[in-house]
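Laboratory data are not the source of any read-out in this text; all were calculated from the coordinates shown. All figures in this text were calculated on a predicted structure; none of them were measured in a lab. Neighbour counts are summed over all protein chains in view; Cβ atoms, including those assigned to glycine, are modelled from backbone coordinates with ideal geometry.
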Amino acid sequence: MNRKFLTFFILLSLAVAAFVGNIWFEDVTAEKLVQSLITITLLYGLISIGIGGFFARRLSDSKTRYSFRKAMSMIFLVVLAIVLLRIWVPNPQALLVAYGVVAAGIAVALQDLVKNIAGSLTIFVSGLFRVGNRIEMNGVVGDVIDIGLFNTTLLEVRGWINADQATGRIVTVPNGSALNKPVHNYTKHHQYLWDELNVVVTPESNWSEAMRLMGEIGQEHTSEFIEAADQSLTRLERFYYVEGHVLDPNVYVNLSADGYSLTLRYVVDAWQRRSTNSDIWGHVIRVFDERDDIFIAPTTLASIQYPLPK
């Protein structure tokens, strides 16, 4: 807040200096400059410090407070542009022409810029995603750490890491891509995903017993997510039409060139996908190693992507 007050003081000082200068050197351009500086100062004080500060202090959620401040910044810029055009082009008819010329010029010369601004408005108005959401946008997967007027900044996930963990790279994605490309949101209203783990056992293995064991292991490692996911899906029905889904772990069998392909399908928290997958893999391997009638095919062992817990 101190920085905002400092900015307001600087703007006020410039407005006063311009006003005093205009007294000594009366000029139409100088007068409009004074009006412009006064307008900027008043709007900044009213919107950014007054309204923005008043409501921001009463918002306890940091993400909501951040989104509100971003919205107030956009409102400030839009209102300021309209008022400044009115000051510098006082004739109403000329003003309409000026608006048209400016809009046409911007649309032609700055197509990408306009597209990004429109994308930004779409993101804020529709709530496409918020800061803190994990999304895939324009082919980039990451956690949203900033939503600007032109770009969205992501802390990249995956990249060269073959799992749902951050690479440490900061990626900037143009907001305009939200207008004509799919945006995958992993955590909007509902942060639980369905994941699968595939194990191939050899033809001589007791595949039915392997299925039963995998089901028990899946239940053990995902029971904490099932109730929360059920409540989350119930809340999701307030926003979307959501049909009933099976949340308990299920194991499916299919034929494979190396034996029987067993697929465990389970629900998991989006933020714990990798650790849960690793825990289940480790448990499955330990249990199957203790059996003399279940053998994991080499194909499965070669395809494991997650490290086993120590």
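Structure notes:
- Sites residue 126 and residue 32, calculated FRET efficiency, Cβ-Cβ separation with R0 25 Å, nearest 0.05: 0.10
- Taking other Cβ atoms within 10 Å as a rough exposure proxy, 292, 195 sort from fewest to most as 292, 195.
- If the chain linking residue 114 and residue 241 were pulled fully straight, counting 0.36 nm for each residue of separation and taking away their Cα-Cα distance, it would gain 42.4 nm.
- Each of 238, 134 has some number of other Cβ atoms within 10 Å of its Cβ, and from fewest to most they run 238, 134.
- With the simple model of a label 7 Å out from the Cα in the direction of the Cβ, residue 230 to residue 285 spans 3.3 nm.
- With neighbours defined as other Cβ atoms within 10 Å of a residue's Cβ, the residues 260, 66 order from fewest to most as 66, 260.
- Length gained when the stretch residue 254-residue 153 is fully extended (0.36 nm per residue, less Cα-Cα span): 32.1 nm
- Coarse-grained scattering of the range 192-303 at q = 0.11, 0.14, 0.21 Å⁻¹, given as base-10 log I(q)/I(0) from a Debye sum over alpha-carbon atoms: -0.38, -0.58, -1.08
- Percent RCO, i.e. relative contact order, over the range 192-303, from Cα pairs under 8 Å lying at least 6 residues apart: 46
- The label-point distance for residue 85 and residue 7, in a model that sets each label 7 Å from Cα toward Cβ, rounds to 2.3 nm.
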